[in-house]
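Notes to accompany the following structure.
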Amino acid sequence: MKEWDVFVSHASEDKDSVAVPLVDLLRRAGLQVWFDSDEIRLGDRLARRLDHGLAGSRYGVVIVSEAFLSKHWTREELDGLEAREEQGKQVILPVWHEIDKERIAEYSPRLANRVAVNTSQGLENVVAEILKKIGTGSASSPAGAIGLALSHRQREWHGLTGFPGSLPDLEFAEVKQRLVRSELDRHSVLVLALPYHCEFKDEVELNDIKDWVYDGGGGLFFLGYYFADKHHESNPGKLARKFGVAFSNDLVMPPGRTSREDCQDQAFEKPEEFVVGCRDLAGDDHPLASGVRELGMVSACSLTEWTRTPDFLVETPVSSVITPEGRANEQGYLLQIQAYPERQDSVPVLAAWQCGKGRLVVSGTWKLTTYDWKDNRVLVRNALNWLTGAT
């Protein structure tokens, strides 16, 4: 099955005025959309990423404009889509933007003779015509499955996508498109790690997640990481605060493991050396605690600023809590950390709440789901089952 429903080909001059709002409307209609701003990152090999998007999409929406006709690489994208049509299926869906048939015919008579929709009729009409042609999104994730959000580059957190394999009796589906209500309503539970070197920016998306939990009865398993909003060019706190909780910009380490090398190695090397074992489970009669005696937290930040007492809480024993110091970039992120001051403290690292009709579990590290230590997998299974039962 194709990864995306549509590939959107456009000239950069048309990105803000046409491509971005069109992609937004298509995603709101439930389609999986390949769009260069989301799929191509600094350091990617452009041709390879474009080829992957073309091959992995059911259809190609081509925004034909004067700027489009002047580009060499848009010709290559069009050629790639036309090659797909040699198999006998229409793939290209032209969208004309501030251009007429005569000008397109000068460029490509074949393209000019295709049935097209014009942006002059409004982008809502453009989307309606596209949906008439391709129907609903077959690339969308299966309804009812536990959603594993990958829409903010979470796949690049090494190992994150492997944890569903440890729970083979549960059905998971990768969620690669925008987290709006039409997509969220397909799932009973969403597992959402912090974005990978990108930010939550879309207020509509964040509010839809909150409403899906509180009003829609969804279950959210929200996973942070060490230094939270301070180091990874990511801002998980922007969503967490919608639910009345925050991630601290710190790193919880075993006592004595506080050197610069330790604080760097904990993210990559021998996690068993950096486990903080947690046995203090507040609310042992809670379903999350069933069969759980000890958890191992690695690369975790602590939780803070909650506005309601958690229904279930896990705290560390007295540990070394590291708060980084360094020179921030223009966005406020400490990409180069210069000092690792510490304090000794017992801190919360996992909590759960009933939120209206839905439920929320927040962990200070996504590695809770991937590191098989003591009762970690028992807790993860308990959390998913509890979240699934939200009413």
Original post:
Going by how many other beta carbons lie within 10 Å of each one, how would you line up Tyr226, Tyr196, Tyr59, fewest first?
Top reply: Tyr196, Tyr59, Tyr226
Original post:
When a footprinting reagent is the concern and you count Cβ atoms within 10 Å, what order do His197, His158, His152 take, fewest first?
Top reply: His158, His197, His152
**OP:** Would you pull out the residues with amide H under 5 Å of Val64's amide H, same chain only if 5 or more places away, H placed 1.01 Å from N?
**Re:** Val95, Trp96, His97
Original post:
Which of the pairs Lys176/Lys374; Lys230/Lys357; Lys71/Lys101; Lys176/Lys201; Lys210/Lys367; Lys270/Lys374 have their Cα atoms more than 22 Å apart in this structure?
Top reply: Lys176/Lys374; Lys230/Lys357; Lys210/Lys367
Original post:
In a shell of Cβ-Cβ distance under 13 Å around Glu203, excluding Glu203 itself, what net charge do Lys and Arg (+1) and Asp and Glu (-1) give?
Top reply: 0
Subject >> Ranking of Ser290, Ser363, Ser57 by count of other Cβ atoms within 10 Å, fewest first >> reply: Ser290, Ser57, Ser363
Subject >> Selection from Leu78, Leu387, Gly244, by position along the positive dipole direction of the chain (Cβ) >> reply: Leu387
Original post:
Taking +1 at the Cβ of each Lys and Arg and -1 at the Cβ of each Asp and Glu, which of Gly217, Val191, Trp366 sits farthest along the dipole of region 146-388 towards its positive end, judged by Cα position relative to the Cα centre?
Top reply: Gly217
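Rule-based calculations on the coordinates, nothing more; no lab input. Treat the numbers as computed from the prediction; the structure is a model and nothing was measured. Note that we place each Cβ from the backbone using ideal geometry, even for glycine, and neighbour counts take in every protein chain shown.
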